[in-house]
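Report on the following structure.
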Amino acid sequence: MDALYEFSDDSCYVSIDARQLPLLVAIWRGTPSLPVMEQYFAKHRAIIEALDAKGERCILLTRTEKAGRPPAEVRRFITTRTDELRGLLSRVIASSSMVVTNPLVRGAMTAMSWVDPDLRVPMHASVAEGYAWARQALAMHGLPTPQELGAAQPA
C-alpha cells in the first residue's frame, strides 16, 4: 500500500499518495470527471479498508490548488460515495482537510457540505498551511509524523 496511485483523462488528474502514511494525500488537477472519480474512489476505498483491517487510522489532506470546479454529476457522485463509505471513513480517517485556492472549488465544496455536513472540513489557502495543519492533526491524534512531511508530494 506504500505507493502513489494516479488516475487521469483528458480533463483531470487525481492521485492518492500513501507513501507517507499515516498521512494520506489526494491531489486533484483540472476539472474532475466521473470516470476518474470512479477510479479514485475505488482505490480510496481499498486503501481505507486495508487500514481498517489493520486497525490503523490516518489523516487525509486533499490538495485542490490546481483543480477546477467539479460538475454537478461529479458533486453528486462525491456526496453519494462519501455517504456509502461513512462508517468506514469515520473509523479510519481521524481528521481531514483541504487546500483550496480556487473560489469556484471552495463554493462547490461549501454547497456539497450543505447536502452532507460530513464534507465540512477545514480549508487552507496554501499548500504550506495544509501541511502545517497535517502536522498538528497527526500529533493531536497520536499518529507518527512522516520524517519528510510533504517532501514526496507531486506539485
| remark: Only one of L61, L4 is open to solvent by 30 Å² or more (accessible area, probe 1.4 Å) and touching a residue at least 60 places away in the same chain (Cβ under 8 Å), namely L4
| said: I'd like the full set of residues that are open to solvent by 10 Å² or more (accessible area, probe 1.4 Å) and in a strand (DSSP E or B), limited to the range 14-53. | reply: R19, Q20, W28, R29, G30
| said: Could you check the range 17-41 and list, in sequence order, the residues that are touching a helix residue (DSSP H, G or I) at 6+ places or on another chain (Cβ under 6 Å) and under 13 Å from V99 (Cβ atoms)? | reply: none
| said: Scan the range 54-71 and tell me whether some residue there is out of contact with any helix residue (DSSP H, G or I) (no Cβ under 6 Å at 6 or more places or on another chain) and in a helix (DSSP H, G or I). | reply: no
| Counting only residues that are within 19 Å of V99 (Cβ to Cβ) and touching a strand residue (DSSP E or B) at 6+ places or on another chain (Cβ under 8 Å), which one in the range 133-144 is most open to solvent (accessible area, probe 1.4 Å)? | M140
| Within the range 130-155, can you find the residues that are modelled with pLDDT of 90 or more and within 24 Å of C12 (Cα to Cα)? | G130, Y131
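The values are calculated or read from the model by the stated rules, or taken from the named source; none is laboratory data. For clarity, every value in this text was computed on a predicted model and none was experimentally measured. Positions of Cβ are generated from backbone atoms using ideal geometry, with glycine treated the same way; all protein chains shown enter the neighbour counts. Remember, those area values only see protein heavy atoms, side chains included, never the ligands or the DNA or RNA. Shrake-Rupley method; radii C 1.70, N 1.55, O 1.52, S 1.80 Å.
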